[in-house]
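These notes are about the structure you will find just below.
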Amino acid sequence: MIIGNGMLAKAFPEYHDHPNIVIYAAGVSDPQETRIEEFSREKVLILTTLELYPDAKFVYFGTTTHRYTLYRKHKQEMEEIIQSKAKEWIIFKLGPVVSDKYNGKTFYDYVYNKILSGEEFLLWKGQTRPLVQLTDVQLLVRQYLLLPVKNVMISLTGREIPVETIVQSIEQLLQKKAKYTIG
């Protein structure tokens, strides 16, 4: 069973009707989110899903961010709920996931869309992002779901890439110069 309809939910079509596995890929995906109602909505959906599928292996996507934000606090709370209520679970703590769709809430998607639209944006000098390819997430999740493992937490974070390097790679991809300032 797949819960959600975003990038991660669409990445595992073979589990759409699986009776023993729930891939929960819904809820808060924007690391900048601050609206309490969005966090509450995800919590209710997780609790409802856990009640509806009590015997299924529950797969959840957390975060590897070290910055203390409402998003991180919420993700940690959801992980604790899953660990205490699911019979079997696997939590994948992920760095920012990138794919070729560019419609998400990650820094990569933000920069891609800013360059595409020609809008100016601000970069902070010295910042990096640990980007993770969607194909790597797919491979990792599929491999773990083939194994007889349960109740584990797996972290997947990419290599830290300077934000200026990310911008340069997107400029090359789009063959378009970015308009940004460095703060």
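Could you please give the count of residues in the stretch 153-172 that are open to solvent by less than 70 Å² (accessible area, probe 1.4 Å), more than 14 Å from L122 (Cα to Cα) and assigned to a helix (DSSP H, G or I)?
4
Go through the stretch 80-137 and count every residue that is assigned to a loop (DSSP other than H, G, I, E, B), under 24 Å from F12 (Cβ atoms) and not basic (K, R). Give the derivation first.
Going residue by residue through the stretch 80-137, those that are assigned to a loop (DSSP other than H, G, I, E, B) are 86-87, 95-96, 99-106, 118-119, 124-127, 131.
Adding the requirement that they be under 24 Å from F12 (Cβ atoms) leaves 86-87, 95-96, 99-106, 131.
Adding the requirement that they be not basic (K, R) leaves 86, 95-96, 99-100, 102-104, 106, 131.
Matching residues across the stretch 80-137 total 10.
Hey, could you check the stretch 50-61 for residues that are surrounded by fewer than 19 Cβ atoms within 10 Å (Cβ to Cβ) and touching a residue at least 24 places away in the same chain (Cβ under 8 Å) and say which is farthest from L146 (Cα to Cα)?
Checking each candidate, the answer is P54.
Test each condition in (1) over 16 Å from L145 (Cα atoms); (2) at pLDDT 95 or above; (3) not β-branched (V, I, T) for F12 and report the one that comes out false.
(1)
Determine which member of the set Q76, Q175, Q133 is touching a residue at least 12 places away in the same chain (Cβ under 8 Å), open to solvent by 90 Å² or more (accessible area, probe 1.4 Å), among the polar types (S, T, N, Q) and more than 22 Å from D55 (Cα to Cα).
Just a single option satisfies the conditions, and that option is Q133.
Can you tell me which of (1) open to solvent by 40 Å² or more (accessible area, probe 1.4 Å); (2) at pLDDT below 95; (3) within 30 Å of I182 (Cα to Cα) is the one E120 doesn't meet?
So the condition that E120 fails would be (2).
Has the stretch 20-28 got any residue that is surrounded by fewer than 11 Cβ atoms within 10 Å (Cβ to Cβ), more than 16 Å from V152 (Cβ to Cβ) and not aromatic (F, W, Y)?
no
Scan the stretch 80-99 and give yes if some residue there is farther than 23 Å from R142 by Cα, open to solvent by less than 60 Å² (accessible area, probe 1.4 Å) and modelled with pLDDT of 95 or more, otherwise no.
yes
The values are calculated or read from the model by the stated rules, or taken from the named source; none is laboratory data. What you see is a predicted model, and the numbers here were worked out from it, not measured in a lab. Because the Cβ atoms are built from the backbone with ideal geometry, glycine has one as well, and the counts that use them run over all protein chains shown. Just so you know, the surface numbers come from the protein's heavy atoms only, side chains and all, with ligands and any DNA or RNA stripped out. Shrake-Rupley method; radii C 1.70, N 1.55, O 1.52, S 1.80 Å.
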